[in-house]
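The values are calculated or read from the model by the stated rules, or taken from the named source; none is laboratory data. If you're wondering where the values come from, they're calculated on a predicted model, not measured in any experiment. Glycine also receives a Cβ, built like all others from the backbone with ideal geometry; neighbour counts cover every protein chain displayed.
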Amino acid sequence: QEVIFQAATEEGIKQLKANMNAPRLPGQSELDESLYSRTHLLREHEGWEPPSPEIVGAYFRHFQGCFPEHGTDGKLARLLGLSSDRRVRDYKQGVRKVPYGVWRHFLVLTGRAPQDIIPVLAFMA
């Protein structure tokens, strides 16, 4: 078990370092983000609040425009671990609020938030 854990940790470190070399792309220009709250960029324990549908739509459309392989709502849904493209549309339209985990995943994918690294307190198995 410890060997598997060590190998997975090394792979994780390798990926984190590779993430630092991700391409730099211009931000979305569909809306003026200064007119909106930035609490959607926080962690849950820091006071996170779901983003407005305008932010969701602007971020998702910008991402889909930059990455054609995720250019449909269905493809974006799969990337985010969602079972239906309807969810993505609902988030964009404000029918549903984006859950923290889905939004945080998207923020990490787009370099808007760092990945959380959880400390191991002990090996107990």
Identify the residue in region 30-49 that is part of a loop (DSSP other than H, G, I, E, B) and touching a residue at least 24 places away in the same chain (Cβ under 8 Å) and, among all such residues, is surrounded by the fewest Cβ atoms within 10 Å (Cβ to Cβ).
43
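What about residue 23, is it assigned to a loop (DSSP other than H, G, I, E, B), crowded, with 17+ Cβ neighbours inside 10 Å and on the phi < 0 side of the Ramachandran plot?
Here the answer is no, as residue 23 does not meet what is asked.
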Can you find even one residue in region 100-110 that is over 15 Å from residue 28 (Cβ atoms) and of a type in the set (S, T, N, Q)?
no
What is the number of the single condition among (1) modelled with pLDDT of 95 or more; (2) farther than 30 Å from residue 1 by Cβ that residue 85 does not meet?
(1)
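Can you name every residue in region 73-98 that is in a loop (DSSP other than H, G, I, E, B) and free of Cβ contacts under 8 Å to residues at least 40 places away in the same chain?
Within region 73-98, 80, 81, 82, 83, 84, 95, 96 meet the criteria.
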Residue 90 - would you say it is buried (at least 17 other Cβ atoms within 10 Å of the Cβ) and of a type outside the set (Gly, Ala, Ser)?
yes
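Evaluate region 55-62: report whether one residue or more is part of a loop (DSSP other than H, G, I, E, B) and touching a Pro at 6+ places or on another chain (Cβ under 9 Å).
For region 55-62, residues part of a loop (DSSP other than H, G, I, E, B) and touching a Pro at 6+ places or on another chain (Cβ under 9 Å): absent.
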Counting only residues that are without any contact (Cβ under 8 Å) to a residue 40 or more places away in the chain, surrounded by fewer than 17 Cβ atoms within 10 Å (Cβ to Cβ) and in a helix (DSSP H, G or I), how many does region 63-72 have?
3
